[in-house]
Amino acid sequence: MSDQVRSDTRLSSVSRDVRDQIADLQADYIAALDSQDMKGWLASFDENNSSYFCRSKENEDEGLEVGYMFDDCHERICDRVKFVDEIWAGTFEEYQTRHFLQPTRCKSLGEDLYSAQTNFTVMYTDDAGITKVLASGCYDDEIVVNGVARLRSRKAVLDTNVVPRYMVYPI
Amino acid sequence: MDAKTDPSAISHLPDLAWPPAGVSDSVPFGVFTDQATYDLEQERVFRPTWNYLALEAEIPNAGDYKSTFLGDTPVVVTRDTEGEIHAWVNRCAHRGAMVCRENQGNNADGTYTCVYHQWAFDAKGDLIGVPFRRGLGGKGGYPKDFDMKEHGLQKVRVENYHGLIFGTFNEDLVDVEGFLGGEGDVSYHMKRILNRPLKVLGHTRQFVDSNWKIYAENTKDPYHASLLHLFHMTFGLYRSSQVGGVSLGDEWHSVLFASAGEEDESTKKENKENASRTYQEGYTLADMSLLAGRKEYDDGVTLVILSIMPSLVVQQIQNTLAVRQILPKGVDQFELVWTYFGYDDDDAEMDAIREKQVNLIGPAGLISMEDGEACELVQNAIIRDRDARSCIQMSGHDFKDEPHLVTEGPVRSFWNRYRLLMDF
């Protein structure tokens, strides 16, 4: 990566205020997921226009769009809340997740839109109390920042190419 | 006295409490937990039969290759510079190192070189180069009688069946069509889905901590679908009362199919009363386009699950088309590889429909997530009581084609053939 590119996408390339708002968004997002609060997860997305994708790096690198979750409009993000909270309720063994994030890149896309990359590791703990790695990867986000930060689009790209068991909650 | 209560009727082959030969309405749980059984399966169930290895569309160009497994044996499927498809065991003939380390790629020159001592092989698996063959400065080198032709990679017989590439270690096995039971419902439904060139849309992969056969049973049991998968029930995608049925190919493979057609009201009501878990009526989604789809086949069939033993499931659920490859990884773990596909001539709208509907299936699928969990629930509970047996009696004790979905007949037929192959 050239020095020019690096300085343009460093976290310090955007204002402290914007960074703080994005940091709050990321913290709210993982706090919601780690308490199985799907409505809190939904609140992280821009209700006017947003998308959420969760796919493997294998597919991403090949330019293939399908993956674990494919919510290409805000309505289907709403529907995913309903699937987990209502339709699947009582059928799956709940598991506790812990998301750990590390922002790596951020840059302005003009007006109030920013792109951001954030590494994640997600641990999960099953009913027996055993903790394992669920996934490791990187969020590739577009974030609207205007007093409060909301996700315009989130792409959770998993380095983990074979996931354990099954996935109920988004990453 | 029936087989269940007469101890003398229980045959111990080799040391599990199976019901008598020909009766497969229960199986001893040890078959899911014994290492010796797992090892024997590799020799008797996986290696001698046709195993799914790849879609032809995954290796479309000369020089393309894909690494996968036949049972738990690592193999590589290649397309040589002339376009012919081959497969070989991914283990160097020299000292046993893995030759191909990538999941997939292209070797334009058609050469596969082991990194350890640089023995080089062609796409067919034949040895084509050995460093220091004549030594250095008259020292070392291979003996005069060293014959390159004797040191190729172990080859796997392959057949391209309508775009699906199968492999076997068995040179005497019938062709894939014969393996599927010849002309019949299984090969009919295979060709129905594989009716024209395919296009790969992506993969997902999951480890499930259960024996592979628990998943094999799951894919042959149509009646769990409306009980376990509440999404199906909630949106009427699949009901046990639906028009559908099961067909058995050569009593080892099976096809489950269901049509979109409406059943009569009393059957519908009876179905609902039998499901103890509640589901809500009149449910809507904010984005109903997930379920809109497009009619693709004239027959009105909206769900087909082809369970091709030992390693493959081919499915159509609404507009999702996929192959699921079952890769045993030990007595209590398998990897399930989902490869989603469409047709080469799909338009952009069809691509979008399929991509959207992939939400239905896979490790996070709205109607498949629970299968991974169900398999683990079984594996976790059956430990220790290896001679205790399951009950597989929905719709009787035997197995046959049936014009309904309330049956475990295909599961019984699977076990019947499994026992023949395993000599259990």
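The values are calculated or read from the model by the stated rules, or taken from the named source; none is laboratory data. Only a predicted model underlies this, so the values are computations on that prediction, with no experimental measurement involved. Don't worry about glycine lacking a Cβ; one is built from the backbone with ideal geometry, like all the others, and counts go over all protein chains shown. Quick note on the areas: whole protein, heavy atoms, side chains included, nothing else; ligands and nucleic acids left out. Shrake-Rupley method; radii C 1.70, N 1.55, O 1.52, S 1.80 Å.
Here are some notes:
- Given charges at Cβ of Lys, Arg, Asp, Glu: region B:52-161 dipole, positive-most of B:His117, B:Ala54, B:Tyr65: B:His117
- Unit charges on C-beta of K, R, D, E only; dipole of region B:328-422, Debye: 820 debye
- All-pairs alpha carbon distance profile, the protein assembly as shown, 10 Å steps from 0, percent: 3, 15, 24, 25, 18, 10, 4, 1, 0
- On Cα atoms only, tilt of B:265-274 relative to the major axis of chain B in degrees: 70 degrees
- In this calculation the C-beta distance from B:Ala348 to B:Arg134 is compared with R0 = 56 Å, giving a FRET efficiency of 0.45.
- C-alpha long axis of helix B:348-357 to longest principal axis of chain B, angle in °: 70 degrees
- Around B:Ser187: net Lys/Arg minus Asp/Glu count, Cβ-Cβ under 12 Å: -3
- To the nearest ten degrees, helix B:369-381 and the longest principal axis of the Cα atoms of chain B are 90 degrees apart.
- B:Asn195-B:Ala381 FRET efficiency (beta carbon distance; Förster radius 45 Å; 0.05 resolution): 0.60
- Of all the options B:Glu159, B:Glu296, B:Glu376, the one that moves most in a Gaussian network model of chain B with Cα springs shorter than 10 angstrom is B:Glu296.
- Candidate lysines - alpha carbon under 28 Å from B:Lys139, same-chain residues fewer than 8 apart omitted: B:Lys149
- Ranking by accessible area, most exposed first, for B:Asp346, B:Asp332 with a 1.4 Å probe: B:Asp332, B:Asp346
- Computed from backbone phi with θ = phi - 60° and the Karplus coefficients 6.51, -1.76 and 1.60, the 3J(HN,Hα) list for region B:330-343 is x, 5, 10, 8, 9, 9, 10, 9, 9, 10, 8, 9, x, 9 Hz; x is used for glycine and proline.
- Treating each Cα of region B:183-422 as an identical point scatterer and summing with the Debye formula, the log10 of I(q)/I(0) at q = 0.09 Å⁻¹ comes to -0.37.
- DSSP beta bridges fully contained in the protein assembly as shown are about 95 percent antiparallel.
- Label-zone membership for region B:349-364, site B:Lys329, 7 angstrom Cα→C-beta point, backbone N under 18 Å: B:362-364
- Amide H contacts for B:Ser26 (H built 1.01 Å from N in the peptide plane; partners 5 or more residues away or on another chain; cut-off under 5 Å): B:Ile392.
- Distance in nm between pseudo-label sites at A:Asp20 and B:Lys144 (7 Å out along the Cβ direction from Cα): 8.6 nm
- Across region B:160-169, coupling constants 3J(HN,Hα) worked out from phi with the 6.51/-1.76/1.60 Karplus curve, θ = phi - 60°, read 9, 9, 6, x, 9, 9, 10, x, 8, 8 Hz, and Gly and Pro carry x.
- Between B:Gly140, B:Val76, B:Leu153, the Cα set farthest toward the positive side of the dipole of region B:52-161 (charges on each charged residue's Cβ, about the Cα centre) is that of B:Gly140.
- Between A:Glu94 and B:His94, the simple label model (points 7 Å from Cα in the Cβ direction) yields a spacing of 5.6 nm.
- Relative contact order computed over chain B (Cα-Cα under 8 Å; 6+ residues apart), in percent: 21 percent
- Take every pair of alpha-carbon atoms less than 8 Å apart whose residues are at least six positions apart; their mean separation over the length of region B:183-422 yields a relative contact order of 31 percent.
- Over the protein assembly as shown, dividing the summed -39,500 (n - 2.57) contributions of all DSSP H runs of at least 4 residues by the number of residues returns a 222 nm mean residue ellipticity of -6000 deg cm²/dmol.
- Relative contact order computed over region B:52-161 (Cα-Cα under 8 Å; 6+ residues apart), in percent: 23 percent
- Residue among A:Ala27, A:Ala43, A:Ala89 with the largest mean-square fluctuation in a Gaussian network model of chain A, springs linking Cα atoms under 10 Å: A:Ala89
- Across the cross-link table entries B:Lys66/B:Lys155; B:Lys191/B:Lys356; B:Lys124/B:Lys155; B:Lys295/B:Lys400, which are compared at the Cα atoms, the separations over 18 Å belong to B:Lys191/B:Lys356; B:Lys295/B:Lys400.
- Panel values: chain B, Kirkwood radius from alpha carbon pairs, Stokes-Einstein at 20 °C and 1.002 mPa s, translational diffusion coefficient 92 µm²/s.
- Here's the picture: charge each Lys and Arg Cβ at +1 and each Asp and Glu Cβ at -1 in region A:3-158, and of A:Ile30, A:Ile77, A:Gly40 the one pushed furthest to the positive end of that dipole is A:Ile30.
- Projected label distance in nm at B:Gln154 and B:Ala260, using a 7 Å step from Cα toward the beta-carbon: 4.8 nm
- For chain B, the cysteines with no partner cysteine C-beta closer than 4.7 Å are B:Cys100, B:Cys375, B:Cys391.
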